[in-house]
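Here is the structure we will look at.
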Amino acid sequence: MENQSTKGIRGEKEKRARVNRIKMSILCSLLIWMALSFFLCIFLFVKVISLEHKLDYLMDHFVIREEVETETETAQSTEVAAYQQLDTELLSYEEEQYPIAQAANFKENLANPGDPLKVYLTFDDGPSSNTVRILDILNQYQVKATFFVIGRQDEASKTLYQRIVEEGHTLGMHSYSHKYGSIYASLEAFQEDFSKIQNYLFEVTGQECLYYRFPGGSSNQVSNQDMSGYISYLNSQGITYYDWNVSSGDATSQAFSPQELVENVVSDVVKYKTSVVLMHDTDKKNATVEALGTMIEEIQALGAEIMPIQEDTTVIQHIAADSVE
Ligand code: ZN
């Protein structure tokens, strides 16, 4: 009897110990699982934050220059370096996004032998530290061009907007901020940026700008949106936008020499009755400035006429404005 009850107690104890072991192992698994989930959450959280930062960086990737007023000299030079870096990235990006964009009127615009050739030199992204040199060269050759500028508040830039207008060049708009992320965020954002540059240039020069160049062109893939909303807005404002059908290549990552830039332009200019030539006016585009004199000479040697964009200029657009409601 006694033996049996001892056995019974022992059996009971073993059973409990087994149950406890099972409980412990369940508890341990639970704790491990919770700990793993906890670390996974932390990991994902950190990942989300870092992706957000990356996204912010990409959204503001196209900042040309922030206004620098109260910063120290060191901060200023860092800013300028960052600006130049971003500028290069921006321009190569702009260029590389749509290398094969063709003007909507490509066929009708092809030149036949004997057709007069009209060439419109356009400079995007200015004013910059190179604008004076560009204007001086244009002056020297008595040639007028078109500047698609962005919004810069410093006094030197204000003088340059005025000089562009006073010397008979066409002052066009190229957005105020040139930040793709914000300009193309929504139609409202685009309209706001547009009004800002339009009003600002009117305030500074007393002249109304009638021409626009979309950052990235009307065929850009950067906006990631249908461009028709922006196009019909410009149509409603009586603004004509110009893309280009000849690219100097000064914004590609290839770093063309001045002579190569000239060749890029001259070899294409002969193809069209109207050529709108894409160039850039930024601090770093020295090759463009160095190419300009020879480029003008070689274009003129073809018998082509160099002119600023005006009311009667044949429109060169990748997406035709009249194809949009
Ligand atoms: Zn641009």
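So that you can scan it fast, the table gives a plain yes or no per residue for (1) surrounded by fewer than 20 Cβ atoms within 10 Å (Cβ to Cβ); (2) aromatic (F, W, Y); (3) assigned to a loop (DSSP other than H, G, I, E, B):
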| site | (1), (2), (3) |
| --- | --- |
| D250 | no, no, yes |
| S253 | yes, no, yes |
| F256 | yes, yes, yes |
| T288 | no, no, no |
| A291 | no, no, no |
| M295 | no, no, no |
| E298 | yes, no, no |
| E311 | yes, no, yes |
| E325 | yes, no, yes |
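Suppose we filter the stretch 193-213 for residues that are outside any loop (DSSP other than H, G, I, E, B), within 20 Å of the chain's Cα centre (by Cα) and either surrounded by 15 or more Cβ atoms within 10 Å (Cβ to Cβ) or of a type in the set (F, W, Y) (or both); how many remain?
Of all residues in the stretch 193-213, those outside any loop (DSSP other than H, G, I, E, B) come to 193-205, 211-212.
Then keep just the ones that are within 20 Å of the chain's Cα centre (by Cα); that gives 193-198, 211-212.
Cutting the leftovers down to either surrounded by 15 or more Cβ atoms within 10 Å (Cβ to Cβ) or of a type in the set (F, W, Y) (or both) gives us 193-194, 196-198, 211-212.
Number of matching residues: 7.
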Restricting attention to the stretch 255-282, the residues that are closer than 24 Å to H174 by Cα, away from the ligand (no atom under 16 Å from the Cβ) and of a type in the set (S, T, N, Q) number exactly 3
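If I ask for residues that are more than 14 Å from the ligand (Cβ to nearest atom), more than 14 Å from P308 (Cα to Cα) and in a loop (DSSP other than H, G, I, E, B), which ones from the stretch 145-173 would you list?
Of the stretch 145-173, the ones more than 14 Å from the ligand (Cβ to nearest atom) are 145, 153-171.
Now narrow it down to the ones that are more than 14 Å from P308 (Cα to Cα): 153-163.
Listed by number, the residues that qualify are Q153, D154.
Yes/no per residue for (1) within 37 Å of the chain's Cα centre (by Cα); (2) at pLDDT below 70:
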| site | (1), (2) |
| --- | --- |
| S5 | no, yes |
| G11 | no, no |
| R16 | no, no |
| S25 | no, no |
| L31 | no, no |
| L44 | yes, no |
| E52 | yes, no |
| F62 | yes, yes |
| T78 | yes, yes |
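Please determine, by comparing only the residues of the stretch 125-144 that are within 16 Å of the ligand (Cβ to nearest atom) and in a loop (DSSP other than H, G, I, E, B), which one is surrounded by the fewest Cβ atoms within 10 Å (Cβ to Cβ). Don't jump to the end; show me each part of the working.
First, the residues of the stretch 125-144 that are within 16 Å of the ligand (Cβ to nearest atom): 125-128, 130-131, 134.
Imposing the further condition that a residue be in a loop (DSSP other than H, G, I, E, B) reduces the set to 125-128, 130.
On the way: D125: 26, G126: 25, P127: 25, S128: 26, N130: 20.
Here the answer is N130.
The values are calculated or read from the model by the stated rules, or taken from the named source; none is laboratory data. Everything numeric here is computed off the predicted structure, so don't read it as measured data. Cβ atoms come from the backbone with ideal geometry, glycine included; neighbour counts cover every protein chain shown.
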